[in-house]
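As structure tokens, the structure follows; a few thoughts come after it.
Every number in this text was worked out from the coordinates using simple rules, so none of it is lab data. Being a predicted model, the structure only gives us computed values, none of them experimental. So basically every Cβ, Gly included, is an ideal-geometry build from the backbone, and we count neighbours across all protein chains shown.
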Amino acid sequence: MSGSVRETVGTDLRATAERGAAELGPDATAQDLLAWAATTFGDRLIVASNMQDAVLIDLAHRAKPDVEVLFLETGYHFAETIGTRDAVDAAYPELTIVNARARQSVPEQDAEFGAELFAREPDRCCALRKVTPLQDTLAGYDAWVTGVRRVEAPTRATTPLITYDDKFGLVKINPIAAWSDDDMDRYIADRGVLVNPLVDAGYPSIGCAPCTAKPQPGEDPRSGRWAGRAKTECGLHGS
Ligand code: SF4
């Protein structure tokens, strides 16, 4: 695609995001947002999930039963997370799970950069295993849906419901941005939604196994991610 065509597409998608945000307003429900996304983007829509729970997947499946689900298969996940992905695949047979993988396997990365890059240069490891695969995958879509919530972290406190994602060049929809932890618990109980067993084991925010610890009682739920480091985000949603 030439630069000028890509710019035109970007301008159109930016306008679509602005129009959607204006039409739906700041109090739109998750169902309204996903219905709009499914109607507006059809098969050019993908839903990202870290397989902590299937709330967003369940909501999206109700709006578009054959929706595609993006899972960043970093090669470093807990077995429970892979198990949750497989359970989602079995529970929602109409949807397709797109496993986005890094260009290098973990052994190939180890050979080039040395073992345990995550312990020495987590930003580089996240760039190789999360950001680039996400970029590669999102290039095939016009919009992505994420489960980012404002209460999760100060860096997420102003998350919009619909926006144009400058970093990845497509529309970003955050249907549960305004949901509280109670909203999540209620939806999970009401709908019998799948939850990663690590949540009940004390992990409120689950990422790659080497970079996820249990937060201390009373600490920010995301404090177990890259514990002991200043890093708080993978580079997918914030700084
Ligand atoms: S979370 Fe850790 S293991 Fe996963 S990609 Fe980032 S640095 Fe690497």
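The calculated 222 nm mean residue ellipticity attributable to helices in the chain amounts to -11500 deg cm²/dmol, summing -39500 (n - 2.57) over DSSP H runs of n ≥ 4 and dividing by all residues.
Distances between every pair of Cα atoms in region 77-145, grouped in 5 Å steps from 0 to the bin holding the largest one, split as 3, 14, 18, 19, 21, 14, 8, 3, 0 percent. What would the Debye equation give as log₁₀ I(q)/I(0) for region 106-198 at q = 0.23, 0.25, 0.26 Å⁻¹, counting only Cα atoms as equal point scatterers? Listed by q, the Debye log ratios stand at -1.11, -1.15, -1.18. Taking 0.36 nm per residue of separation and subtracting the current Cα-Cα distance, fully stretching the chain between residue 91 and residue 119 would add 6.5 nm.
For residue 71, the shell of other residues with beta-carbons less than 12 Å away shows a net charge of -1, using +1 for Lys and Arg and -1 for Asp and Glu. What the phi angles of region 85-100 give under the Karplus curve with 6.51, -1.76 and 1.60, with θ = phi - 60°, is a coupling list of 4, 5, 5, 4, 4, 6, 6, 10, x, 6, 8, 10, 9, 9, 8, 8 Hz, glycine and proline written as x.
Computed from backbone phi with θ = phi - 60° and the Karplus coefficients 6.51, -1.76 and 1.60, the 3J(HN,Hα) list for region 60-65 is 5, 4, 5, 7, 8, x Hz; x is used for glycine and proline. Springs between Cα atoms under 10 Å define the GNM used for the chain, and in it the highest mean-square fluctuation of 32, 58, 142 occurs at 32. Length gained on full extension, residue 213 to residue 191: 5.1 nm, using 0.36 nm per residue less the C-alpha separation.
Close Lys pairs in the chain (alpha-carbon distance under 28 Å; sequence gap of 8 or more, or different chains): 10. Is region 169-217 rounded, prolate or oblate when judged by the Cα gyration tensor, a ≥ b ≥ c being the square roots of its eigenvalues, rounded requiring a/c under 1.5 and prolate requiring a/b larger than b/c? Oblate, because a/c is 1.5 or more while a/b does not exceed b/c.
Against the empirical 2.2 N^0.38 Å (N residues), the chain has a Cα radius of gyration ratio of 1.00.
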